[in-house]
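Novice: Below is a structure I'd like to ask you about.
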Amino acid sequence: MSITAGAVDAGSLRALQNCSTPDTQLCEATVNAIIADLPVIEFGLETIYQSIRGSAPGATIAVLGYPRLFDPVNGLPVIPPANQVQVNRAIDALNATIAKAAAESQTNAVFIDVTKKFLGHAANSADPWLVMVLAPVPPFDRLPDANFHPNVAGHRAYAAALLSAVKPAQLAKR
């Protein structure tokens with residue numbers, strides 16, 4: 001079984017809202033607050049993994065991390081580069097928390113880091129694997145819910161990371 005969880009509870013929406021402004025101090029303060037709260041997220045993730053183990057005791061739990069959203073050096077400056085760095089710092093800290101929760105959950109959880117697979121394919125790159133629509137979309141005149149989620153190429157990268165970490169042939173019972 002695979003799971004990707006933690007970003008919403010950690011405050012990803014708040015980070016994206018506050019870091020999409022020119023205010024670098026607000027962005028940094030938001031990211032610092034999110035990082036300070038990550039131990040609570042870690043506990044919650046451990047509980048989720050233990051609950052999964054309770055339902056499927058022999059299952060390997062493939063815990064997928066998150067890619068960095070921005071390329072502050074080569075990407076389009078959709079938000080200030082300093083804020084892009086801060087958002088990526090929050091993602092790195094969240095991934096470390098997810099990895100720690102998987103390792104300490106006393107389950108068969110295995111953390112799969114997708115950061116390297118997505119290098120060069122941030123939302124603001126020339127070849128993005130993450131959706132980023134900056135203008136509101138009719139009929140609701142709001143940004144799409146798919147923003148900062150994988151596009152088709154991103155889903156392929158996630159699948160490749162999953163299949164390279166958890167070999168399906170090894171999961172078959174004989």
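The values are calculated or read from the model by the stated rules, or taken from the named source; none is laboratory data. Owing to the predicted nature of the structure, the values given are computational and were not obtained by experimental measurement. As a convention, Cβ positions derive from the backbone with ideal geometry for all residues, glycine included, and neighbour counts pool all protein chains shown. Quick note on the areas: whole protein, heavy atoms, side chains included, nothing else; ligands and nucleic acids left out. Shrake-Rupley method; radii C 1.70, N 1.55, O 1.52, S 1.80 Å.
Novice: So Val8 ticks every box in (1) at pLDDT below 95; (2) within 14 Å of the chain's Cα centre (by Cα); (3) not in a helix (DSSP H, G or I) but one. Which box is left unticked?
Specialist: (3)
Novice: If you don't mind, another one. It is to be established whether one or more residues within region 28-35 are of a type outside the set (Lys, Arg) and under 28 Å from Arg156 (Cα atoms). If you could, list the steps in order and put the result at the bottom.
Specialist: Here is the first cut: in region 28-35, the residues of a type outside the set (Lys, Arg) are 28-35.
Of the ones still in play, those that are also under 28 Å from Arg156 (Cα atoms) are none.
No, region 28-35 contains no residue that is of a type outside the set (Lys, Arg) and under 28 Å from Arg156 (Cα atoms).
Novice: Can you name the residue in region 44-60 that is of a type in the set (A, V, I, L, M) and part of a loop (DSSP other than H, G, I, E, B) and, of all such residues, is farthest from Glu104 (Cα to Cα)?
Specialist: Residues of region 44-60 of a type in the set (A, V, I, L, M): 45, 48, 52, 56, 59.
Those still in the list that are part of a loop (DSSP other than H, G, I, E, B) too: 56, 59.
Numbers: Ala56: 18, Ala59: 16 Å.
Ranking the candidates gives Ala56 first.
Novice: Further question: Taking region 13-38 on its own, how many of its residues are in contact (Cβ under 8 Å) with a residue 12 or more places away in the chain, within 17 Å of the chain's Cα centre (by Cα) and open to solvent by 30 Å² or more (accessible area, probe 1.4 Å)?
Specialist: Going through region 13-38 one residue at a time, the tally reaches 4.
Novice: If you don't mind, there's one more thing I want to ask. Got at least one residue in region 94-101 being assigned to a helix (DSSP H, G or I), modelled with pLDDT of 90 or more, surrounded by 12 or more Cβ atoms within 10 Å (Cβ to Cβ) and among the polar types (S, T, N, Q)?
Specialist: To start, the set of residues in region 94-101 that are assigned to a helix (DSSP H, G or I) comprises 94-101.
Among the residues that remain, those that are also modelled with pLDDT of 90 or more are: 94-101.
Cutting the leftovers down to surrounded by 12 or more Cβ atoms within 10 Å (Cβ to Cβ) gives us 94-101.
From the residues that got through so far, the ones that are among the polar types (S, T, N, Q) too are 95, 97.
Among the residues of region 94-101, at least one is assigned to a helix (DSSP H, G or I), modelled with pLDDT of 90 or more, surrounded by 12 or more Cβ atoms within 10 Å (Cβ to Cβ) and among the polar types (S, T, N, Q), which makes the answer yes.
Novice: Read through the list (1) hydrophobic (A, V, I, L, M, F, W, C); (2) surrounded by fewer than 19 Cβ atoms within 10 Å (Cβ to Cβ); (3) under 21 Å from Thr107 (Cα atoms), then give the number of the only condition that Ile41 fails.
Specialist: Just one mismatch for Ile41, condition (2).
Novice: Are any of the residues in region 47-68 more than 22 Å from Leu162 (Cα to Cα), within 18 Å of the chain's Cα centre (by Cα) and not charged (D, E, K, R)?
Specialist: No; the residues of region 47-68 include none that is more than 22 Å from Leu162 (Cα to Cα), within 18 Å of the chain's Cα centre (by Cα) and not charged (D, E, K, R).
Novice: Counting only residues that are farther than 10 Å from Ser20 by Cβ and open to solvent by less than 40 Å² (accessible area, probe 1.4 Å), how many does region 73-83 have? Can you show your working first?
Specialist: At the first step, the residues of region 73-83 found to be farther than 10 Å from Ser20 by Cβ are 73-77, 81-82.
Restricting the remaining residues to those that are open to solvent by less than 40 Å² (accessible area, probe 1.4 Å) gives 75.
Here the count works out to 1.
Novice: With the condition kept exactly as written, say whether any residue in region 68-76 is over 13 Å from Ile98 (Cα atoms) and in contact with a Gly (Cβ under 9 Å, 6 or more places away or on another chain). Let's see the steps before the verdict.
Specialist: Restricting attention to region 68-76, the residues satisfying the condition of being over 13 Å from Ile98 (Cα atoms) are 68-76.
Retained after the next criterion (residues that are in contact with a Gly (Cβ under 9 Å, 6 or more places away or on another chain)): 71, 74.
Within region 68-76, one or more residues are over 13 Å from Ile98 (Cα atoms) and in contact with a Gly (Cβ under 9 Å, 6 or more places away or on another chain).
Novice: Going residue by residue through region 57-69, is there one that turns out to be open to solvent by less than 20 Å² (accessible area, probe 1.4 Å) and either at positive phi or without any contact (Cβ under 8 Å) to a residue 60 or more places away in the chain (or both)?
Specialist: no
Novice: Moving on. May I ask you to list the residues in region 103-129 that are within 15 Å of the chain's Cα centre (by Cα) and among the hydrophobic types (A, V, I, L, M, F, W, C)?
Specialist: Across region 103-129, the qualifying residues are Phe111, Ile112, Val114, Phe118, Leu119, Ala122, Ala123, Trp129.
Novice: Here are some conditions: (1) at pLDDT 95 or above; (2) under 19 Å from Met1 (Cα atoms); (3) not in a loop (DSSP other than H, G, I, E, B); (4) not small (Gly, Ala, Ser). Leu162 meets all but one. Which one does it not meet?
Specialist: Checking Leu162 against (1) at pLDDT 95 or above; (2) under 19 Å from Met1 (Cα atoms); (3) not in a loop (DSSP other than H, G, I, E, B); (4) not small (Gly, Ala, Ser), the one that fails is (1).
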